[in-house]
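Take a look at this one; I'll ask things after.
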Amino acid sequence: MVFLFRYKLLSLLAILFLIQSCSKFNRKPLQLEPPFLLNSIDLEHKKEDGSKDWDLISPDATYSLNSGFLRAKNPEIIIYDNNIPFYSINAKTSTILEDGKFVILEGQIKLVKLVGSELEIIGNSLTWDTKSQIINLKYNPIIYDNTTLVKTHGIKLNQSTHRLDFTGPTRIKSWKDKRINSLDPSLQLTAMDGSWNLHTGLFNADGPVHAKSIVKSSGFVQKLTATGLTGNSNNNIVSFFTCKINNPNEKLTSDKCKWDMENNILETLGNSEYIVDLSKNNRIFHDKPVNNRLNSKDKSVVD
């Protein structure tokens, strides 16, 4: 991979290296060279085949001849996928190690997906292995898109597959049409570890899962627990496994439940066939008798 240093940065570093080499025999063993100050740097990092890998722009940076570290203030990084800008990252500071193999960003981090649906990740600590194309965000990062907010303990983003892996506990809020933080979401979830493919929209999470939805028309709160979940963020449908439903009319359990947030419908599948229309006073409809209806006093159902 090759660095292209604009504004004669490469030439300046070469001169400094020459000066350092010529004077090394006259220096005291413990004498350290002062860092070299750079202004308005613009770095281009390319892959072995010559395609664009990533760029870094900074108004203020220092390069240490002793450690080989490049430190930049208020950096902006653009990451490419097939020569197309795919992600941008902003932070307060960045440190580039080993000629661009590793990058560390700290303070007010904002990672934005530039292609397709809007997505943004904010946090305070990011480490990036540019060779393996793995980005890690620690210390409770937050994910936003047009309809969803996700809070989790940590995130790993694979650039090549565009897959996000969460480290739980994970809290998810989803709005039917548009995310408005001041309004109650259509669905609230808590789960453990999970993943979300930003390209396909597919997501899953391990349990225990607790879900809650508030029906605006009646103020009724629908609750559900499950051992896991899966779904697709592109169609507003979430499927739960080994789910238990609690509502004022009755309580039930099923192998699988499907929550259609677009139409406000909760449906049980597998060993039961219930349809719960949350927009019609939470009435339960079913076409045939079901043997798994639980007594309202059944203590195995979690409220």
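The values are calculated or read from the model by the stated rules, or taken from the named source; none is laboratory data. What you see is a predicted model, and the numbers here were worked out from it, not measured in a lab. Positions of Cβ are backbone-derived with ideal geometry, glycine not excepted, and every protein chain shown enters the neighbour counts.
Consider the stretch 175-198. How many of its residues are touching a residue at least 60 places away in the same chain (Cβ under 8 Å) and within 25 Å of Asn136 (Cβ to Cβ)? Reasoning before the result, please.
Within the stretch 175-198, the subset touching a residue at least 60 places away in the same chain (Cβ under 8 Å) is 176, 186-187, 198.
This time we only want the ones that are within 25 Å of Asn136 (Cβ to Cβ), so: 198.
So the answer is 1.
Would a scan of the stretch 72-92 turn up a residue that is hydrophobic (A, V, I, L, M, F, W, C) and free of Cβ contacts under 8 Å to residues at least 24 places away in the same chain?
So far as the stretch 72-92 goes, no, none of its residues is hydrophobic (A, V, I, L, M, F, W, C) and free of Cβ contacts under 8 Å to residues at least 24 places away in the same chain.
Identify all residues within the stretch 201-211 that are within 30 Å of Lys52 (Cβ to Cβ) and either among the aliphatic types (A, V, I, L, M) or in a loop (DSSP other than H, G, I, E, B) (or both); write none if there are none.
Gly201, Leu202
Output yes when any residue across the stretch 243-255 is within 19 Å of Ile121 (Cβ to Cβ) and not hydrophobic (A, V, I, L, M, F, W, C), and no when none is. If you could, list the steps in order and put the result at the bottom.
As a first pass, look at the stretch 243-255 and keep what is within 19 Å of Ile121 (Cβ to Cβ): none.
No, the stretch 243-255 has no match at all.
State whether the residues of the stretch 63-71 include one that is in a strand (DSSP E or B), of a type in the set (Ser, Thr, Tyr), at pLDDT below 95 and in contact with a strand residue (DSSP E or B) (Cβ under 9 Å, 6 or more places away or on another chain).
Yes: the stretch 63-71 contains one or more residues that are in a strand (DSSP E or B), of a type in the set (Ser, Thr, Tyr), at pLDDT below 95 and in contact with a strand residue (DSSP E or B) (Cβ under 9 Å, 6 or more places away or on another chain).
So, in the stretch 126-140, exactly how many residues are at pLDDT below 95 and at negative phi?
4
Does the stretch 56-104 hold any residues that are among the acidic types (Asp, Glu) and within 21 Å of Asn124 (Cα to Cα), and which are they? Walk me through it before giving the result.
The first filter runs over the stretch 56-104 and keeps only residues among the acidic types (Asp, Glu), leaving 60, 76, 81, 98-99.
Selection gives Asp60, Glu76.
Considering Lys258, Lys216, Lys223, Lys251, which residue is at pLDDT 70 or above, closer than 18 Å to Lys173 by Cβ and of a type in the set (Lys, Arg)?
Lys223
Within the stretch 231-245, how many residues turn out to be surrounded by 21 or more Cβ atoms within 10 Å (Cβ to Cβ) and assigned to a strand (DSSP E or B)?
6
Name the single residue, out of those in the stretch 39-60 being in a strand (DSSP E or B) and more than 28 Å from the chain's Cα centre (by Cα), that is nearest to Lys131 (Cα to Cα).
Ile41
Before we move on, is Ile180 under 20 Å from the mean Cα position of the chain (by Cα) and more than 22 Å from His153 (Cα to Cα)?
So Ile180 fits the description; yes.
Would you confirm whether or not the stretch 148-171 contains a residue that is surrounded by 19 or more Cβ atoms within 10 Å (Cβ to Cβ) and more than 14 Å from the chain's Cα centre (by Cα)?
There is no residue in the stretch 148-171 that is surrounded by 19 or more Cβ atoms within 10 Å (Cβ to Cβ) and more than 14 Å from the chain's Cα centre (by Cα).
Within the stretch 199-230, restricting attention to residues that are in contact (Cβ under 8 Å) with a residue 40 or more places away in the chain and of a type in the set (Ser, Thr, Tyr), which residue is surrounded by the most Cβ atoms within 10 Å (Cβ to Cβ)?
Ser213
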